[in-house]
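Peer 1: Quick one: this structure, given as structure tokens, is what I'll be asking you about.
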Amino acid sequence: MSVPAIYALRAIVRGLAQGGALNVGQVHAIFHELEAAATKLDERGRTDDAQQVREIIEYALDGNQSQ
């Protein structure tokens, strides 16, 4: 995963977690899909990319709690 892609994904996920134009169910579904993507990356041996996706999820959730 490229650095620009990581920053873009972080911005999107954090914006959604902070109450973007989606409801809670939709945001939950996005986090679920991101976790599923991380699992697939693990299965394909791309553990570094999977870890980055999980860190992005944590970053978004931590940022939302600090607001």
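Peer 1: What order do you get for E55, E33 when you list them from fewest to most C-beta neighbours inside 10 Å?
Peer 2: The order, fewest Cβ neighbours first, is E33, E55.
Peer 1: Add +1 for every Lys or Arg and -1 for every Asp or Glu among the other residues with Cβ under 12 Å from the Cβ of V27, and state the total.
Peer 2: Local charge sum for V27: 0.
Peer 1: How much length, in nm to one decimal, is gained on full extension between H32 and T47, taken as 0.36 nm per residue of separation minus their Cα-Cα distance?
Peer 2: Details: separation 15, 0.36 × 15 = 5.40 nm, distance 1.79 nm.
Between H32 and T47, full extension yields an extra 3.6 nm.
Peer 1: Same structure again: Subtracting the Cα-Cα distance from 0.36 nm times the residue separation, let me have the gained length for E55 to T39 in nm, one decimal.
Peer 2: Details: separation 16, 0.36 × 16 = 5.76 nm, distance 1.32 nm.
Result: 4.4 nm gained on full extension.
Each value in this text was obtained by applying a stated rule to the coordinates, not by laboratory testing. Please read these numbers as outputs of a predicted model, since none were measured by experiment. Note that we place each Cβ from the backbone using ideal geometry, even for glycine, and neighbour counts take in every protein chain shown.
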